[in-house]
Amino acid sequence: MIDVHTHLLPGVDDGSPNAEHSAMVLARLHGEGVRGLVCTPHLNASRAPEAPFYEHARLLDDLRRRVPDGLVLYSGFEIMLDAPGSDLSDPRLGLAGSKARLVEYPRRGLPSTATEELLRIRGAGLVP
């Protein structure tokens, strides 16, 4: 099983508070059969060009030292589509470097332009 939506980068957004907590969760998930896990901290699409790629990569590398054998960690983002037309083409935004983008909309509801925005992302060769 692969978990494609987790907030286990220590100290980032609303996820795990520290590396020890992340290690505990990783051990539990591994015990439940998870063999791949994508760390997906929050990112507003309007801020994609400023994404903290290097800081997150450093945290992920540190976390990999605590992973049980047989569990692989990948990077990605959970992208809030807060501004139509945002450029999401950077491969580092994808789930495990793929063309897949984990996207979400604000809790206040789906905007009337949601379909058009998802089609625009698809038209760019990405998979929302």
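The values are calculated or read from the model by the stated rules, or taken from the named source; none is laboratory data. A quick note: this is a predicted structure, and the numbers were derived from the prediction, not measured. Glycine gets a Cβ as well: all are built from the backbone with ideal geometry, and neighbour counts include every protein chain shown. When the accessible area is computed, the model is the full protein with side chains, heavy atoms only, and any ligands, DNA or RNA have been set aside. Shrake-Rupley method; radii C 1.70, N 1.55, O 1.52, S 1.80 Å.
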**OP:** Determine the gain in length on full extension of the stretch HIS30-ASP69; use 0.36 nm per residue of separation and subtract their C-alpha separation, reporting nm with one decimal.
**Re:** 13.2 nm
**OP:** Quick one: dipole size for the chain, taken about the Cα centre, charges +1 on Lys/Arg Cβ and -1 on Asp/Glu Cβ, in debye to the nearest 20.
**Re:** 240 debye
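When the Kirkwood hydrodynamic radius is evaluated over all pairs of different C-alpha atoms of segment 1-59, what value in angstrom, to one decimal, is obtained?
On the way: mean 1/r = 0.0815 Å⁻¹.
The answer is 12.3 Å.
Taking a temperature of 10 °C and a viscosity of 1.306 mPa s, what whole-number D in µm²/s does Stokes-Einstein yield for segment 1-112 with Rh from Kirkwood over alpha carbon pairs?
Taking Rh from Cα pairs, D becomes 110 µm²/s.
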**OP:** Express as a percent, rounded to the nearest 5, the fraction of DSSP beta bridges in the chain (both residues included) that run antiparallel.
**Re:** 0 percent
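Dividing the alpha-carbon radius of gyration of segment 61-128 by 2.2 N^0.38 Å (N being the number of residues), what value is obtained?
1.34
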Subject >> Two-site label geometry, VAL127 and GLU20: point separation in nm, points 7 Å out along Cα→Cβ >> reply: 3.9 nm
Subject >> Length released on extending from SER89 to SER112, taking residue separation times 0.36 nm less the Cα-Cα span >> reply: 6.0 nm
Subject >> Rounded Å value of the spacing that divides the Cα centres of segment 46-60 and segment 1-24 >> reply: 15 Å
Original post:
Long-range amide H contacts for LEU8: which residues qualify at under 5 Å (H placed 1.01 Å from N, peptide plane, sequence gap of 5 or more or a different chain)?
Top reply: SER16, THR40
Subject >> Integer Hz, Karplus 6.51/-1.76/1.60 couplings in order for segment 51-63, x for Gly and Pro >> reply: 3, x, 4, 5, 5, 5, 5, 5, 4, 5, 4, 4, 5
**OP:** Could you tell me what percent of the accessible area of the chain is made up of carbon and sulfur, with a 1.4 Å probe and every protein chain present?
**Re:** 56 percent
**OP:** Go through ILE2, ILE121 and list them by solvent-accessible area, largest first, probe radius 1.4 Å.
**Re:** ILE2, ILE121
**OP:** Search the structure for amide H atoms under 5 Å from the amide H of VAL103, placed 1.01 Å from N in the peptide plane, and list their residues when 5 or more places away or on another chain.
**Re:** ILE79
Original post:
Using r as the Cβ-Cβ distance of ASP82 and ALA57, and R0 as 22 Å, what FRET efficiency do you calculate, to the nearest 0.05?
Top reply: 0.40
Original post:
How large is the accessible surface per residue of the chain, computed with a 1.4 Å probe and reported in Å² as a whole number?
Top reply: 56 Å²
Original post:
When the helices in the chain are scored as -39500 (n - 2.57) per DSSP H run of 4 or longer and the sum is shared across all residues, what 222 nm value do you end up with, to the nearest 500 deg cm²/dmol?
Top reply: -8500 deg cm²/dmol
